[in-house]
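The values are calculated or read from the model by the stated rules, or taken from the named source; none is laboratory data. For clarity, every value in this text was computed on a predicted model and none was experimentally measured. Using ideal geometry, Cβ is built from the backbone for each residue, glycine included, and neighbour counts are taken over all protein chains shown. Accessible surface areas use protein heavy atoms only, side chains included; no ligands, DNA or RNA. Shrake-Rupley method; radii C 1.70, N 1.55, O 1.52, S 1.80 Å.
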Amino acid sequence: MTAPYRTTPLAALLVATTNESIDLAARRIATRQAHIPVRILRILVLYAVIAAGMVGYQQPRQRSASLLMFVLITLAVTLVIDLDHPVAGWISVPQTPMLDLQRNLD
């Protein structure tokens, strides 16, 4: 008589791989649902406005440098907000590895 399947080394590998897949799926879901708190975003925007005001106040004759600094600060804030939403926006996280896995499983 043969040993039950659940006691074979192949079953242990299957269970370990299945558990890793479930953990990975849970981490992906948690990562997509986690966002930067609104309070931190407000403080970041406040810092950007204060920095832009200070640059504009200290260098009133150098408008191009002040404008460039303000644009760079605005781009930095926009980048942080865009990275907070990986599905929408300029920077998106591709789902190609998950689609490849799905095709391989079919």
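Listed values, structure above:
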quantity	calculated
Count - residues of the stretch 32-65 that are touching a residue at least 12 places away in the same chain (Cβ under 8 Å) and out of contact with any Phe, Trp or Tyr (no Cβ under 9 Å at 6 or more places or on another chain)	6
Qualifying residue in the stretch 52-70 (condition: closer than 30 Å to residue 21 by Cα, out of contact with any helix residue (DSSP H, G or I) (no Cβ under 9 Å at 6 or more places or on another chain), part of a helix (DSSP H, G or I) and not assigned by the TED database to the domain that holds residue 30)	no
Identity of the residue in the stretch 10-40, in contact with a helix residue (DSSP H, G or I) (Cβ under 7 Å, 6 or more places away or on another chain) and open to solvent by less than 70 Å² (accessible area, probe 1.4 Å), that ends up farthest from residue 73 (Cα to Cα)	11
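A quick yes/no check of all residues on (1) of a type in the set (S, T, N, Q); (2) in contact with a strand residue (DSSP E or B) (Cβ under 6 Å, 6 or more places away or on another chain); (3) surrounded by 11 or more Cβ atoms within 10 Å (Cβ to Cβ); (4) at pLDDT 75 or above:
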| site | (1), (2), (3), (4) |
| --- | --- |
| 51 | no, no, yes, yes |
| 62 | yes, no, yes, yes |
| 71 | no, no, yes, yes |
| 82 | no, no, yes, yes |
| 87 | no, no, no, no |
| 99 | no, no, no, yes |
| 102 | yes, no, no, yes |
